[in-house]
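Colleague: Take a look at the following structure, please.
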Amino acid sequence: MMKRNLSGKVTSGLMLALLSSASFTLSAAPIYWTDWTTGSDPTSNFVGNGTITTGTSTVDVTYTNPQGIAFFQASGGADYWQNQGGGRNPATSPYTSALVDNIPTGTDIVALKRAGNQTLSFSEAIANPVFSYVSLNGNGYGFTQDFDILSFGDSSDGNACGYWGCGTSYKNVLDLGGGNFEYQLLGTGEPHGTIQFKGAFDSVSWKSLSNENWNGFTVGIQGTKVEVFDVPEPATLALFGLGLFGLGFSRKRLIK
């Protein structure tokens, strides 16, 4: 009759406990921002195109706005991502935070002026997109997805003011009925800031709540879905390896 050494159960149980209890601190990360490249006639049925280049992928970005926009800046022009008075300082920028390391790159921006629906589409699923905005003072955005406000330019919280001044941002959740909600980004003063949607997305849709000339935005991502969510953390891989080692070791200790 064979007897099994109980150390196999203890070892494998310990490994499972370590795996299930492992936690990782979420910290600031570099954001891959959209390089806007081409756009159609801005006056109506506007379509803008760009790319996001990550460490391993190139994601095509398409922005559509049937109402038209104020202007599309894909190369050169004023740097509206600067702090008020000029200069870029990631330590005080309205666009950086505990979760976002870097200010939107270049001078690329999509400037809006009309109320109505619009959509960003991605050629593959992306992870934890961030949405930075300029001068949202006479308008607001209503998103179909929930979001977190990461930062905004207001001297009261230590951030520098944005290009056009200071202002705060806040979220209002509107119950549309039937289990549907609109997540509104609103503000006071002259808001400049960054919000984030958590999870994997292949599109982000929202509406401008009123006409206002002008307010602008760009979008960045933490990475693709595959890069961020489908690759185990190194610490998890190490624990998994220890678990396999423990199981292999316990199998050798079987006693007849």
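The values are calculated or read from the model by the stated rules, or taken from the named source; none is laboratory data. Worth saying up front: this structure is predicted, and the values here are computed from it rather than measured. Positions of Cβ are backbone-derived with ideal geometry, glycine not excepted, and every protein chain shown enters the neighbour counts.
Colleague: In the list 78, 98, which residue meets the criterion of being at pLDDT below 95, of a type outside the set (Ser, Thr, Tyr), assigned to a loop (DSSP other than H, G, I, E, B) and surrounded by fewer than 19 Cβ atoms within 10 Å (Cβ to Cβ)?
Modeller: Just one listed residue meets the conditions, 98.
Colleague: OK, next. In region 136-188, which residues are assigned to a strand (DSSP E or B), small (Gly, Ala, Ser) and under 22 Å from residue 212 (Cβ atoms)?
Modeller: 142, 151, 162, 165, 167, 169, 187
Colleague: Mind telling me which of the residues 117, 83 ends up being under 28 Å from residue 189 (Cα atoms), assigned to a strand (DSSP E or B) and either in contact with a strand residue (DSSP E or B) (Cβ under 7 Å, 6 or more places away or on another chain) or polar (S, T, N, Q) (or both)?
Modeller: 117
Colleague: Still on this structure: Within region 197-213, how many residues are assigned to a loop (DSSP other than H, G, I, E, B) and either among the small types (Gly, Ala, Ser) or over 20 Å from residue 180 (Cβ atoms) (or both)?
Modeller: Residues in region 197-213 being assigned to a loop (DSSP other than H, G, I, E, B) and either among the small types (Gly, Ala, Ser) or over 20 Å from residue 180 (Cβ atoms) (or both): 5 in total.
Colleague: Since residue 44 meets every condition but one in (1) crowded, with 16+ Cβ neighbours inside 10 Å; (2) closer than 23 Å to residue 138 by Cα, which condition does it not meet?
Modeller: Here residue 44 clears every test but (1).
Colleague: Ok, one more. For the condition modelled with pLDDT under 95 and of a type in the set (D, E, K, R), what is the one hit in 108, 146, 157, 175?
Modeller: Testing whether each residue is modelled with pLDDT under 95 and of a type in the set (D, E, K, R) leaves just 157.
Colleague: Next up: Of a type outside the set (A, V, I, L, M), part of a loop (DSSP other than H, G, I, E, B) and at pLDDT below 95, is that true of residue 191?
Modeller: No; evaluated as a whole, the condition is false for this residue.
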